[in-house]
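Working notes for the structure below.
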Amino acid sequence: MTESDAPLLQVVHLETGYGDLRVVRDVSLTVRGGQITVLLGRNGAGKTTTLRAISGLNKTAGGEVRYLGDKLGDAPAYRRVARGMAYVQEGKRVFRELTIEQNLVLGGFSTRVSKKKLIAAAQEIYEIFPILGEKRALPAASMSGGQQQMLAIGQALMAKPQLLILDEPSQGLAPVIVGEVMERVHALKATGIGILLVEQAVQDSVAIADEVSVIEMGRTVLSGRAADITLEDIQDAYFGAGAAV
Ligand SMILES: Nc1ncnc2c1ncn2[C@@H]1O[C@H](COP(=O)(O)OP(=O)(O)OP(=O)(O)O)[C@@H](O)[C@H]1O
Ligand SMILES: [Mg+2]
């Protein structure tokens, strides 16, 4: 077995929700190092709630989240961050008045290293997202929505995570830009990190996926290797077998 075969993250029959309200009832998925798992599902299916439980923001009420071989139980979010999880939340906004570089430096703040080292770390982000390097001294507000999304991802990468969790990075972007953002996310695989990507842009995200999971009403209804799953399978999982495609 190569290293990338050992799962980085394993979610097994997860149950979670808000207070007594159980919205995720049975979700299972796997993320491997250097690979992308795409989590799909309709509005309100429980995608964000699943990510919140993985990140420690919502309590795991049943099942388990295993990360780097350990059961996380009720470990708080900051401990999960310290162990290399980075979570870019849905609708994440950057600090518009700050420069791109200032935004990146803030992203690495939790690592407690010097500002000088953080500026050096930002250079690695510019290699991944060259546009951020070109505009490093400009306010974030001067960038397009797609570029700001890349900055939000770059901020998360400043903590040098092993697992990057992205909640709908294509949200609010023009369709023509979505493919570009997906292409950049795909390029991150080369760094060896594992990526859990929640998306509504089914075709664009499945195109870069190694594994696909579809949830409906808080339950996993389809999951497997992307190579073994067709868009028709995904549509059936969304709408029930036999629905018009
Ligand atoms: N803070 C909250 N308190 C109570 N219920 C919530 C809360 N946030 C979400 N929910 C409910 O949990 C269910 C799942 O929501 P969730 O945000 O996980 O869905 P989602 O799949 O991410 O949807 P979307 O594609 O719209 O982002 C929905 O019924 C939603 O109304
Ligand atoms: Mg959501």
| task | Filter the stretch 17-66 down to the residues that are within 15 Å of the chain's Cα centre (by Cα) and away from ligand 1 (no atom under 16 Å from the Cβ), then identify the one that is surrounded by the fewest Cβ atoms within 10 Å (Cβ to Cβ). | result | Gly34
| said: Tell me the residue from Arg184, Arg136 that is more than 16 Å from ligand 1 (Cβ to nearest atom), charged (D, E, K, R), farther than 29 Å from Ala77 by Cβ and buried (at least 18 other Cβ atoms within 10 Å of the Cβ), please. | reply: Arg136
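One residue is enough: does the stretch 149-158 have a residue meeting the conditions out of contact with any Asp or Glu (no Cβ under 7 Å at 6 or more places or on another chain), surrounded by fewer than 18 Cβ atoms within 10 Å (Cβ to Cβ) and touching a residue at least 12 places away in the same chain (Cβ under 8 Å)?
Looking only at the stretch 149-158, we keep the residues that are out of contact with any Asp or Glu (no Cβ under 7 Å at 6 or more places or on another chain), and these are 149-158.
This time we only want the ones that are surrounded by fewer than 18 Cβ atoms within 10 Å (Cβ to Cβ), so: none.
No, the conditions are met nowhere in the stretch 149-158.
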| Can you pull out the strands (runs of 3 or more DSSP E) entirely within the stretch 164-245 that have at least 3 residues that are within 26 Å of Ile125 (Cα to Cα)? | 194-199
| task | Please state which one of Gly44, Gly17 is in contact with a helix residue (DSSP H, G or I) (Cβ under 7 Å, 6 or more places away or on another chain), more than 22 Å from Val185 (Cα to Cα) and of a type in the set (Gly, Ala, Ser). | result | Gly17
| field | Test result for Gln155, assigned to a helix (DSSP H, G or I), within 16 Å of the chain's Cα centre (by Cα) and within 16 Å of ligand 1 (Cβ to nearest atom) | value | no
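When you go through Leu72, Leu151 one by one, which is the residue that is in the same structural domain as Gly19 (by TED's automatic domain parsing), modelled with pLDDT of 95 or more and of a type in the set (A, V, I, L, M)? Write out each step before concluding.
Numbers: Leu151 fails: in the same structural domain as Gly19 (by TED's automatic domain parsing).
Only one candidate qualifies: Leu72.
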| query | List, please: which pairs have Cβ atoms under 7 Å, are six or more places apart or on different chains, and start with a residue in the stretch 61-89 that is farther than 30 Å from Gln149 by Cβ and end with one that is assigned to a loop (DSSP other than H, G, I, E, B)? | reply | Asp74/Lys59
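The values are calculated or read from the model by the stated rules, or taken from the named source; none is laboratory data. None of the values given here were measured: they were computed from a predicted structure. Please note: Cβ atoms are built from the backbone with ideal geometry, for glycine as well, and neighbour counts cover all protein chains shown.
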